[in-house]
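Reading through the C-alpha cells given below for one structure.
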There are 2 protein chains.
Amino acid sequence: MIFSTLNINKDEPIYMQIEKHIIDGIKNGELKKDSKLPSTREVSKFLNVSRNSVISAYEKLESEGIIITKKGIGTFISIECKNEFYEYNIDYSSIINTYANTLRDFDIIKTELPYKKGMISFKSISPESDLFNLDDFKRSLLDAWTYEESNLLNYGYAKGYQPLIDYFFEYMKEKRVNVINKDILITNGFTEAFDIVISSLTNPGDIILCEKPTHNTALKIMKSYGLKIIQVEMDKEGMDLTELENVLNKCSPKFGYLIPSYNNPTGIVTKTERRKEIYKLFRKHSVPIIEDGFNEELLYSSSPIDPIASLTGEGNGVIYIGSLSKVLFPGLRIGWIFGDTKLIDILESVKRGKTIHSSFLDQSAFYYYLKSGAFTRYLKNVRKYYRNKYLLVMDMVNKYIPYEYVTGEGGLHIFIKLKDTINSRNLLDLCYKNGVIFMPGDIFYEDDKCLNTFRIGFGRVKDEDIKKGIKIIGDNIKLISESFNKRLE
Amino acid sequence: MIFSTLNINKDEPIYMQIEKHIIDGIKNGELKKDSKLPSTREVSKFLNVSRNSVISAYEKLESEGIIITKKGIGTFISIECKNEFYEYNIDYSSIINTYANTLRDFDIIKTELPYKKGMISFKSISPESDLFNLDDFKRSLLDAWTYEESNLLNYGYAKGYQPLIDYFFEYMKEKRVNVINKDILITNGFTEAFDIVISSLTNPGDIILCEKPTHNTALKIMKSYGLKIIQVEMDKEGMDLTELENVLNKCSPKFGYLIPSYNNPTGIVTKTERRKEIYKLFRKHSVPIIEDGFNEELLYSSSPIDPIASLTGEGNGVIYIGSLSKVLFPGLRIGWIFGDTKLIDILESVKRGKTIHSSFLDQSAFYYYLKSGAFTRYLKNVRKYYRNKYLLVMDMVNKYIPYEYVTGEGGLHIFIKLKDTINSRNLLDLCYKNGVIFMPGDIFYEDDKCLNTFRIGFGRVKDEDIKKGIKIIGDNIKLISESFNKRLE
C-alpha cells in the first residue's frame with residue numbers, strides 16, 4: 001500500500017499531503033506508469049481522513065495529467081516514471097582511461113575461453129586445495145585470534161604484521177641473502193607488490209627488460225602503466241646472455257624483471273652460474289633487477305638455488321618479491337617486497353595510499369601457520385604429490401604431443417612448443433569442444449609471439465583426467481596437421 | 001667456523017676446493033677484511049684432509065694478495081670484501097616518480113607529530129577496540145571456516161565473496177537505493193575503492209570538485225594522480241549551493257567527491273533537501289558524483305538520511321563507496337563500490353590488476369558477522385557510548401575553547417575553528433609538550449587553508465583524558481593569545 005509510509009501532519013492541507021506523496025512515489029520509482037492507485041474510499045479509510053480530501057488530491061493530479069481515472073476500472077499513474085527529473089546517465093566507457101582499459105583488455109578471465117563444469121582444465125596453475133592441511137590452518141587461525149584478538153580488528157601498520165616481517169627476514173637469510181640495509185613490506189600477494197614497485201618507480205615509456213616468455217600478469221601491469229617491454233629469449237639454463245648484453249647495450253632499461261626460480265610459463269629454472277652472469281650484466285649497466293621468487297619452494301627436481309638477491313651483498317641492486325601463498329593458500333593474498341631500506345620506506349607510503357595495509361587477521365594466521373612448522377610439512381607432502389603428477393604429465397606428453405620442446409622441472413605447470421606451426425588458439429578451439437582447456441602461449445609474449453606454444457597446468461587435475469586430456473590435445477593436433485597436409489596435396 | 005659449510009668432493013683437488021671456499025666466503029660477505037682464518041692445523045683436522053692441502057691453498061691465496069699471514073698471530077683476510085664485484089647500488093630516490101613522492105609527502109603518519117606512550121591523543125578517529133564484540137566475531141570466523149573451509153584459501157573472485165555482495169545489495173536497498181543496472185565490487189576498504197575509481201576514470205589535470213574541507217586520504221590520492229582539486233565551502237547544511245553552481249559553471253569537473261553522510265573532518269551531515277539540490281546541480285552539468293558513505297551508520301543525533309545514490313533511480317550518475325569497517329573493524333579492510341554495472345565490470349578488471357581479490361577469509365567472516373545480527377547489536381551499543389563521549393567533549397569545548405564554530409553531530413570526531421587567528425600547528429607544538437595531540441586542520445584543505453582549525457577525534461579517549469586534554473588545549477590557546485596581545489602592547 002503506497003500510503004502506508006504517509007504520516008499525515010496537521011500543518012498542511014491533507015489533500016496537498018496526499019498529492020505530494022503520490023508525486024514522491026512516482027519520483028522514487030515506487031509508482032510506475034500504469035500502476036493502479038487505491039480507490040479514494042480505500043485511501044480515506046486507510047489514512048482516516050475525509051474522502052473529499054482524497055478526491056481533491058486525485059482531481060488535481062488528474063488535471064495535471066499525472067494520473068487518469070478509467071471509469072469502473074480504477075485510477076492509474078499516467079506518466080512515465082518521473083525519475084527523469086532525478087536520473088542522469090554518464091557514458092563511463094568514454095571516461096575510462098588507458099590504464100583501466102588496458103587492464104580490461106588483458107584480463108584473461110574475461111578474454112579467455114571460460115572453464116565449464118565437467119571440463120578437464122589445464123588452464124590454472126593453482127595448487128590443489130585437497131592438499132591444504134586445513135586443521136593446521138584452523139589451529140593457526142585460532143592461535144592468531146588468541147594471541148592478538150582485537151589487535152587484528154583495529155588499524156594495523158602499512159608495513160605489515162611485525163612477527164611475519166621478522167619471519168620473512170629469516171626466510172631471506174636462509175636463502176643466503178644479506179639483509180643489511182634491507183627492509184620488508186607486506187603486500188596483498190605478488191600482484192600488489194609488483195603494482196607498488198612499478199607504479200612508484202617507472203614513468204610511461206620506460207623500458208623494462210624481461211624473459212621471453214614471461215608472467216602475463218606482470219606483462220599486463222607493465223602495459224597498463226605504458227611501459228615498453230623488451231623480452232629476451234631463454235634457453236634451458238635461463239636468459240640468453242648474448243641477447244641480454246645486446247639489449248642492455250642498445251636500450252637503457254629502467255629495470256629487469258626476472259623469474260629465475262621458476263619462470264612462468266616455461267617452468268625454466270635459471271641455473272646458478274647463469275644467475276651470476278645475468279646479475280653481473282645488469283650490474284655492469286647499473287640496471288636494478290626486480291626478482292620474482294615465484295614458486296621457488298616447489299622445485300622438486302633439483303636442489304634449491306639461491307635467489308639473485310643473494311648475489312648483491314650489502315648492495316641494493318635487487319628488489320625481491322616473494323609470495324609463499326602461490327604454492328600454499330593463494331586466497332590469502334600475502335606477499336612481500338624485500339629491498340633497500342629507504343626504498344621500502346617510500347613504498348610503505350605508497351602501500352598506505354593504495355590499501356592502507358594488508359589484513360592483519362590473515363597475516364597473523366599465516367604467521368602462526370608458518371611458525372608451527374606446518375608449512376614445511378605441507379611442502380614435503382605436496383612436492384612428492386606434484387612430482388608424481390609432473391612425471392605422469394611428461395609421460396603423456398611424450399606419448400601424444402609432437403613437440404619441439406617441453407620445459408618445466410618443478411612447480412605446477414609445463415610449457416610446450418609444438419613441432420608444427422599450429423596456432424595453439426585453433427588447437428584450443430577444437431579441444432574446447434571436447435571439454436579440454438589449457439592456456440595458449442601467446443599471452444606470455446609482448447610481441448613476436450610464439451603462437452604454437454601453450455601452458456599445461458596440472459596441480460588440480462586428476463590423474464585420469466591428465467591421461468584423457470593430454471590424449472585429446474594430441475588427437476586434435478593430429479587432426480589439424482592432417483587437414484593441413486590434405487590442403488597441401 | 002667458515003669451513004662448516006664446505007663439503008669436500010672427490011672430483012677436484014682438495015686445495016682448490018679450500019681456496020674456492022675462502023674466495024666464496026669473501027664474495028658473499030662471510031669473510032670481511034682483517035677477519036682471522038683458522039690455522040692450517042685446525043682446518044686440516046676439521047675437514048679431515050691433509051694439512052699440506054690446506055697449506056697449499058693458503059700459500060696460493062697469499063701469493064695472490066688475498067690473505068696475509070702474520071707470524072705468531074695468525075692468518076687474515078687482507079682485501080676489502082670482494083662484494084664490490086657483486087654489489088651495486090642504485091639511487092632509488094632519483095627514480096621514485098611523482099606519484100610515489102606525492103604519497104610519501106602527504107603520508108601523515110610520517111609527517112605529523114607521532115603519538116608517544118602516555119599521551120592523550122585526539123588524533124585518531126578510529127573506533128574503540130574495547131567495544132568490539134569479539135566473541136561474536138570469533139563465532140563468525142568459525143562459521144566462515146565451517147561453511148567454506150578450503151574455498152577461503154584458494155583463489156577467489158575479484159568481484160568479491162558472493163554472499164557478502166548480496167548482503168551489501170540488501171544494505172543499499174534498505175537505504176532506498178535503486179539497484180537496477182547496478183553492481184558491487186568488494187575492495188580493501190575505502191582507500192582501495194577510491195584508488196580504483198580515481199586511477200581508472202581520471203587523467204592528470206582533471207578537475208575534481210569536493211567539499212571544503214575534505215578527507216585527507218582522498219586529497220592525497222587525488223593529488224598523487226595529478227588531479228586539480230577545487231573545494232567548495234560548506235555551511236552546517238552541506239555544500240554551499242551558490243558556490244557549487246559557480247564552480248560547475250566555470251570549470252568542467254570530471255567528478256564531484258562528496259561525503260554527505262558525515263564529512264571528514266567537519267562532521268557535517270548534509271541535510272536531505274541540500275542533498276537534492278547538490279545532486280540536481282551535478283545532474284544539470286552531467287558531472288558524476290563519487291559518494292563516500294563514511295560513517296553513515298554512526299549518526300546518533302538525527303534520523304538516518306538516505307544517501308545521494310538513492311536519488312538517481314535507475315540512472316548511473318552516482319558511484320557510491322561504502323565501508324562499514326570504519327565504524328566496526330578498520331583492520332579488516334573491507335569496502336565496496338556500488339555503481340553502473342558496466343562500469344563495475346571494468347573496475348573488476350582493475351581490481352584484478354591491483355590486488356587480484358580481497359581476502360576471502362575476512363570477507364566471509366565479516367559476512368557471517370553481519371548476517372548474525374551482531375553488527376546491529378554492536379551499533380546500538382556504540383552509538384550510545386560515542387554519543388556520551390560527544391556530549392562530554394562538547395561540554396569541555398564550550399568551557400575551554402574560544403571557538404568561532406564547532407561542527408560534528410555524530411561519529412567519532414568534531415572540528416573546531418578558533419576565534420583568533422592562531423595557527424593550530426603552533427598550538428599543537430605547545431600541547432605536544434604537555435602530552436596532548438590532535439589533528440591540525442590544514443591537511444584537509446587543498447589551498448586557501450584554514451589554519452586556525454583542528455580536528456578532535458574522541459572515539460578512543462577516556463573520559464578523564466577528554467576533560468584533561470581539552471583543558472590543556474584551552475590553556476595553551478590562552479597562552480598564545482596572551483603572548484600575542486603582549487607583543488601588541
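Details
- Figure legend: label point modelled 7 angstrom from the Cα of B:Asn52 along Cα→Cβ; residues of the stretch B:1-40 with amide N under 15 Å from it are B:13-16.
- Between the listed residues B:Ile186, B:Phe137, B:Asn388, the Cα displaced farthest toward the positive end of the dipole of chain B, a dipole computed from Cβ unit charges relative to the Cα centre, is found at B:Asn388.
- Heavy-atom accessible surface of A:Glu482, to the nearest 10 Å², is about 100 Å², with a 1.4 Å probe and all protein chains retained.
- Cα gyration tensor shape of the stretch B:1-66, rounded if a/c is under 1.5, else prolate or oblate by comparing a/b with b/c: rounded
- Sequence-distant contacts, meaning Cα pairs under 8 Å at least 6 residues apart, place the relative contact order of the stretch B:39-116 at 14 percent.
- Summed over both chains, the contact between B and A buries some 8300 Å² of accessible surface at a probe radius of 1.4 Å.
- Between A:Ile108 and A:Lys32, the FRET efficiency estimated from the beta carbon spacing at R0 = 51 angstrom works out to 0.80.
- Just so you know, the averaged projected area of the alpha carbon convex hull for the stretch B:24-105 sits at 8.4 nm².
- Ascending list, in nanometres, of distances separating the A:Gly65 label from those of the other copies (7 Å, Cα toward Cβ): 10.1
- Counting Cβ atoms of other protein chains within 10 Å of each Cβ in B:106-118 and taking the mean gives 2.
- Computed FRET value (nearest 0.05) for A:Lys70 with A:Glu245, which takes r as the C-beta separation and R₀ as 60 Å: 0.10
- Within the stretch A:288-439: Cβ-based charge dipole about Cα centre, in debye rounded to nearest 20 (Lys, Arg +1; Asp, Glu -1): 640 debye
- Extending 7 Å from the Cα toward the beta-carbon at both B:Tyr432 and B:Thr98 defines two label points whose distance is 3.0 nm.
- Across the stretch B:140-295, the relative contact order, built from alpha-carbon pairs under 8 Å that are at least six residues apart, equals 18 percent.
- Stokes-Einstein D in µm²/s, Kirkwood radius over Cα pairs - the stretch A:69-142 at 25 °C with 0.890 mPa s viscosity: 124 µm²/s
- Dipole moment magnitude, nearest 20 debye, chain B about Cα centre, only Lys, Arg, Asp, Glu C-beta charged: 980 debye
- For chain B, the relative contact order is 18 percent, taking Cα pairs closer than 8 Å that sit 6 or more residues apart in sequence and dividing their mean separation by the residue count.
- Each residue of the stretch B:132-208 gets 165 Å³ once the volume of the Cα convex hull is shared out per residue.
- Largest first and in whole Å, the equivalent-ellipsoid semi-axes of the stretch A:382-489 read 24, 16, 12, each the square root of five times a Cα gyration tensor eigenvalue.
- Shape analysis of the stretch B:78-209 based on the Cα gyration tensor places the equivalent ellipsoid semi-axes at 39, 25, 23 Å, largest first.
- Carbon-plus-sulfur accessible fraction, the protein assembly as shown (probe radius 1.4 Å, protein heavy atoms only): 49%.
- Shielding of A:128-139 by partner chains, average beta-carbon count, 10 Å: 3
- All-pairs Cα distance distribution in the protein assembly as shown, expressed in whole percent, bin size 20 Å: 12, 37, 32, 15, 3, 1, 0
- Cα gyration tensor category, rounded, prolate or oblate, for the stretch A:193-340 with a/c compared to 1.5: rounded
- Axis of helix A:51-63 versus longest Cα principal axis of chain A: the two differ by about 60°, to the nearest ten degrees.
- Label point distance in nm, B:Ile23-A:Lys471, each placed 7 Å from Cα along Cα→Cβ: 5.5 nm
- The two copies A and B are related by a rotation, and the chain A beta carbon nearest its axis, with distance in whole angstrom, is A:Ser359, 2.
- Computed on the stretch B:1-143, the Cα convex hull volume stands at 338 Å³ per residue.
- Lys/Arg +1, Asp/Glu -1 at C-beta; the stretch A:221-323 dipole; positive extreme among A:Tyr257, A:Ile305, A:Val269: A:Tyr257
- Averaged over B:282-288, number of beta-carbon atoms from partner chains that fall within 10 Å: 3
- Given a 1.4 Å probe and the protein chains as shown, B:Leu392 ends up with an accessible area of around 30 Å².
- Of A:Thr272, A:Thr242, the order by accessible heavy-atom surface (1.4 Å probe, DNA, RNA and ligands excluded), from most exposed downward, is A:Thr242, A:Thr272.
- Heavy-atom accessible area for B:Glu233, with the other protein chains in place and a 1.4 Å probe, reaches approximately 80 Å².
- Subtracting the Cα-Cα distance of A:Glu404 and A:Lys173 from their residue separation scaled by 0.36 nm leaves 79.2 nm.
- Think of a 1.4 Å ball rolled over the protein heavy atoms: the stretch A:312-369 then has 12 Å² of accessible area per residue.
- For the stretch A:431-489, alpha-carbon Rg and Dmax in angstrom: 13.7, 42
- FRET efficiency for the B:Arg387 to A:Asn89 pair, using the beta carbon distance and R₀ = 60 Å, is estimated at 0.90.
- The stretch A:90-207, dipole about Cα centre (Lys/Arg Cβ +1, Asp/Glu Cβ -1), debye to the nearest 20: 280 debye
- Cα gyration tensor category, rounded, prolate or oblate, for chain B with a/c compared to 1.5: prolate
- Loop-located trypsin sites (Lys or Arg not before Pro) across the stretch A:89-133 with a Cβ neighbour count of 14 or fewer within 10 Å are A:Lys116, A:Lys117, with loop assigned by DSSP.
The values are calculated or read from the model by the stated rules, or taken from the named source; none is laboratory data. Source: prediction; values computed, not measured. Cβ coordinates were reconstructed from backbone atoms using ideal geometry, including for glycine residues, and neighbour counts include every protein chain displayed. Remember, those area values only see protein heavy atoms, side chains included, never the ligands or the DNA or RNA. Shrake-Rupley method; radii C 1.70, N 1.55, O 1.52, S 1.80 Å.
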